[in-house]
Amino acid sequence: MRSRGLFSRCALILGLVFLYVPILSMIIFSFNNSRLVTVWDAAHSPTLKWYVALAANEQVLRAAWLSIRIALVASTGAVILGTLAGVALARFGAFRGRLLLAGMTTAPIVMPEVITGLSLLLLFVALQQLIGWPRGVGAVTIALSHITFCMAYVTVVVQSRLVGMDVSLEEAAMDLGARPGRVFFRITLPLILPAIASGWLLAFTLSWDDLVITQFVAGPGSSTLPMVIFSKVRFGVTPDINALATILVLIVATGIAGSTVWMRYQQRRRERDVLLAAAANL
């Protein structure tokens, strides 16, 4: 047992080192004074000039703002559609078309992104020829594409939460006279809210850093941040890319920390309400 515990700790440490040492080195080199991204300039002190250069780079700033807008729209749309699909799969039992719905909602997870991007491009071209919308490819087609594959992840998260939830709470509310809509908004929705928040964060992250599908459905003037970074990497990485990546890591870390604190607060609040209700019944 002791050797098993030692092995587990060593495996955990090696895994953390493998994951986070490259990120830490990238953050350190973002303060490097040299233009070489892999050689530390020991003759000069650390500098913030690459962050200043990044702030003056209009191409990167425009791409970052476009990525943020698309990610916000895509994650919100994916949460709405994914939550509805998750509720249908977890609560509606065996209905006609259930197998088809389950397959369609999970297909984007296992489908290669190249095939997904190509099929979406062909779909948008066919729609433009038939009904005249969308007019070309751009931010709208990128957002619709991101909703398509992000919805699958939200559906899985919400469905898993609903399957593990106690159905007797909803049944008790309906026994007391509440209608299904009221039960959903007053009972079900608050209980699955942590799963919805997790799905939204996951969808936002997936939309933010998607590259393959976006390249198929993006048009002139609609280059997202991953596309700009990839184009720069092909001609050689510059230190301002390290600065940009450091800022993204800090934003993601802040979001994860904030969501963790919020979910813990909600969990403690629910536990406190349960204890107060049990004490009142006594």
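The values are calculated or read from the model by the stated rules, or taken from the named source; none is laboratory data. Everything numeric here is computed off the predicted structure, so don't read it as measured data. Cβ placement follows ideal geometry from the backbone for every residue including glycine, while neighbour counts extend to all protein chains displayed.
For the stretch 147-164, the criterion of a residue being outside any helix (DSSP H, G or I), among the hydrophobic types (A, V, I, L, M, F, W, C) and farther than 24 Å from Leu248 by Cα is satisfied by no position.
Residues are listed down the side, and each one gets a yes or a no for (1) within 22 Å of Met165 (Cα to Cα); (2) modelled with pLDDT under 90; (3) loosely packed, with under 14 Cβ neighbours inside 10 Å; (4) among the basic types (Lys, Arg):
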| position | (1), (2), (3), (4) |
| --- | --- |
| Ser67 | no, no, no, no |
| Ile70 | no, no, no, no |
| Leu81 | yes, no, no, no |
| Gly86 | yes, no, no, no |
| Gly93 | yes, yes, yes, no |
| Arg98 | yes, yes, yes, yes |
| Ala102 | yes, yes, no, no |
| Thr105 | yes, yes, no, no |
| Pro108 | no, yes, no, no |
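Counting only residues that are touching an Asp or Glu at 6+ places or on another chain (Cβ under 7 Å) and outside any loop (DSSP other than H, G, I, E, B), the stretch 20-61 holds 3 of them.
In the stretch 230-246, the qualifying residues are those that are in contact with a helix residue (DSSP H, G or I) (Cβ under 9 Å, 6 or more places away or on another chain) and free of Cβ contacts under 8 Å to residues at least 24 places away in the same chain, and the one that is surrounded by the fewest Cβ atoms within 10 Å (Cβ to Cβ) is Val233. Would the stretch 114-137 turn up any residue that is surrounded by fewer than 17 Cβ atoms within 10 Å (Cβ to Cβ), outside any helix (DSSP H, G or I), in contact (Cβ under 8 Å) with a residue 24 or more places away in the chain and out of contact with any strand residue (DSSP E or B) (no Cβ under 9 Å at 6 or more places or on another chain)? Within the stretch 114-137 (the criterion being surrounded by fewer than 17 Cβ atoms within 10 Å (Cβ to Cβ), outside any helix (DSSP H, G or I), in contact (Cβ under 8 Å) with a residue 24 or more places away in the chain and out of contact with any strand residue (DSSP E or B) (no Cβ under 9 Å at 6 or more places or on another chain)), the answer is yes, since at least one residue qualifies.
Any chance the stretch 130-140 includes a residue that's modelled with pLDDT of 90 or more, more than 23 Å from Ile70 (Cα to Cα) and either out of contact with any Leu (no Cβ under 6 Å at 6 or more places or on another chain) or not aromatic (Phe, Trp, Tyr) (or both)? Yes; the residues of the stretch 130-140 include at least one that is modelled with pLDDT of 90 or more, more than 23 Å from Ile70 (Cα to Cα) and either out of contact with any Leu (no Cβ under 6 Å at 6 or more places or on another chain) or not aromatic (Phe, Trp, Tyr) (or both). Looking only at the stretch 145-168, filter to residues that are within 27 Å of Leu201 (Cα to Cα) and without any contact (Cβ under 8 Å) to a residue 24 or more places away in the chain; which one of those is nearest to the chain's Cα centre (by Cα)? Step by step, filter the stretch 145-168, then rank; the result is Gly164. Within the stretch 78-99, the residues that satisfy the criterion of being in a loop (DSSP other than H, G, I, E, B) and of a type in the set (A, V, I, L, M, F, W, C) are Phe92, Ala94, Phe95.
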